[in-house]
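Asks: Once you've had a glance at the structure underneath, I'll fire off some questions.
Read-outs throughout are calculated quantities, based only on the coordinates presented, and are distinct from any laboratory measurement. Being a predicted model, the structure only gives us computed values, none of them experimental. Neighbour counts run over all protein chains shown; Cβ positions are idealised from the backbone, glycine included.
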Amino acid sequence: MKFNPNYFVIAGWLIDGSNCKVQKDVVLEISGEKVSGIHVAEPVFLDYIRSQKQRVFDYSKDTVLPALIDNHVHLSLAGTTNPEIRQNQLSQHQSLSKVYRRICTHLNLHCDYGIAAVRDAGDFRGFVQAFVAAKSKCLPASIRLQFCGKGWHNTGRYGRMIGCAVKRNTALASEIENSKELCGGWVKIVNSGLNSLVQFGQETAPQFSRADLRAAVQTAISRGLRVMVHANGKIPVRLAIEAGCHSIEHGFFMGQSNLKRMADKQITWIPTATTMAALIQKGSISAKAADIAKRTLNHQLKQLRLAREYGVPVGLGTDSGSIGEDHGKAVWQEMQLYRSAGFGLGETVKSASAVNAKLLQANDIGTLRTGKQAAFIIISGGPRDILNDPQRSKIVATDGVLYRDNSNIMNDC
């Protein structure tokens with residue numbers, strides 16, 4: 001069931017995404033697809049709009065916040081812990097139609113959880129890019145999709161699952177310059193390995209030199225693209241920062257000096273802390289590996305506290321599609337981790353909305369302010385409860401339209 005635009009929403013609490021405040025008793029005025037006004041819910045004003053027979057929806061016991069953004073997903077993968085299914089998803093021989101249905105399912109899940117935009121962080125065959133080209137009619141107006149296609153990694157190093165290797169005796173910048181597949185807004189570069197579950201805090205060598213990375217970033221920018229860099233450890237992160245990348249993905253064990261560099265340069269950090277939490281909870285790993293994952297998670301939360309202190313732009317991405325990480329739901333789990341790292345509720349929402357929107361250069365979403373797109377979530381109860389059970393959201397609004405059944409936002413693929 002849906003309501004047409006041009007209406008008022010009475011909100012018990014509003015978190016608008018632009019700052020850290022939680023506002024009490026406000027009224028959102030929606031005209032067409034935009035927020036046309038935000039008013040104090042004074043009795044005189046409420047009586048007036050009702051007397052004018054305006055369409056008024058009363059959610060005075062509920063909380064309104066902006067539709068959220070996940071800036072690191074893998075839409076072609078499900079977050080299953082079943083090793084056989086995961087292996088099939090990484091097969092070179094899977095049919096495109098099956099992958100497209102999986103991508104559709106995952107986009108639906110993001111919509112269900114009130115997510116307005118996602119940035120896909122790559123797959124080994126460029127499935128998401130092919131999906132966009134082949135299934136453009138299936139992409140909903142209710143969710144934005146940016147992507148990098150295939151990520152780039154060095155020959156013999158980590159990254160085959162999410163991209164392709166730079167050819168021997170070929171510069172990374174040349175690969176980017178000559179690629180015909182770059183059209184989703186982003187270039188993904190892999191500049192380290194994964195976190196070890198055998199040795200706590202083990203750092204891998206960088207995959208590319210400072211000069212290689214700087215030339216690659218400049219080439220990407222010349223093509224109108226932005227650069228996201230997978231990097232863990234002090235040296236791989238530092239080289240990516242010095243090269244001028246736009247976001248650091250993961251950033252485990254990067255250290256205080258790099259956090260200060262990111263604050264100085266205002267480079268966005270996407271911490272993906274849920275990757276470790278999911279392994280602990282669902283990963284079916286050994287007791288020793290689980291202990292290392294727990295220590296790794298705690299270290300990442302300490303880095304988050306420092307990032308908040310230093311003023312690093314902290315966005316939110318989940319790495320959903322990784323082991324144990326379900327699309328859509330993982331956003332709310334990542335937000336809970338930010339809260340445990342000392343972020344206020346308003347700060348946490350801002351990371352998942354305004355900071356992410358700025359990174360995507362999606363200026364019309366991310367905050368609920370006059371003139372912005374009317375994309376928001378209404379969740380039962382007060383602010384204290386909103387992260388506990390995101391499935392309690394009763395309304396998702398996109399393009400100014402209120403949906404009571406948010407599973408109908410997206411057409412069937």
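Asks: If the cut-off is 16 Å between C-alpha atoms, which aspartates and glutamates fall inside it for K24, apart from same-chain ones fewer than 8 positions away?
Replies: Output for K24: D16, E42, D58, D62, D385.
Asks: Pairs of Cα atoms under 8 Å, at least six residues apart: use those to get the relative contact order of the chain, whole percent.
Replies: Reported relative contact order: 24 percent.
Asks: Please work out, to two decimal places, the log10 of the ratio I(q)/I(0) at q = 0.09, 0.14 Å⁻¹ from a Debye calculation in which every Cα of the chain carries one identical scatterer.
Replies: Treating every Cα as an identical point scatterer, log10 I(q)/I(0) equals -0.53, -1.25.
Asks: Between Q361, Q256, Q92, find the one with the highest GNM mean-square fluctuation for the chain; connect C-alpha pairs within less than 10 Å.
Replies: The residue that fluctuates most here is Q92.
Asks: May I pose another question? What number comes out for the charge environment of V166, summing +1 per Lys or Arg and -1 per Asp or Glu over other residues with Cβ under 13 Å away?
Replies: Net charge around V166: +3.
Asks: Also, quick follow-up: Whole-Hz Karplus ³J(HN,Hα) for the stretch 96-103, in order, using 6.51 cos²θ - 1.76 cosθ + 1.60 and θ = phi - 60°, x for Gly and Pro?
Replies: Each residue's phi maps through the Karplus curve to give 4, 4, 5, 5, 4, 5, 5, 4 Hz.
Asks: Have a look at the DSSP beta bridges in the chain and tell me what percent are antiparallel, nearest 5. Display every interim value, and only then the final one.
Replies: Numbers: 28 of 62 bridges.
Taking every DSSP beta bridge within the chain, about 45 percent pair in antiparallel fashion.
Asks: Grab the DSSP H runs of the chain that are 4 residues or longer, score each as -39,500 (n - 2.57), total them, divide by all residues and round the 222 nm result to the nearest 500 deg cm²/dmol.
Replies: -10000 deg cm²/dmol
Asks: Using a Gaussian network model of the chain with C-alpha springs under 10 Å, which one of R339, R55, R144 is most mobile by mean-square fluctuation?
Replies: It is R55.
Asks: In percent, how large is the relative contact order of the stretch 90-235, given Cα pairs closer than 8 Å and 6 or more residues apart?
Replies: It comes to 20 percent, rounded to a whole number.
Asks: Please list, or write none, the lysines whose alpha carbon is within less than 20 Å of the alpha carbon of K150, excluding same-chain residues fewer than 8 places away.
Replies: Within reach: K98, K135, K167, K180, K188.
Asks: If you take every residue apart from N258 with its C-beta less than 9 Å away from the C-beta of N258, what net charge results, scoring Lys and Arg +1 and Asp and Glu -1?
Replies: On the way: positive: K234, R238, K260, R261; negative: none.
For residues surrounding N258, the net value is +4.
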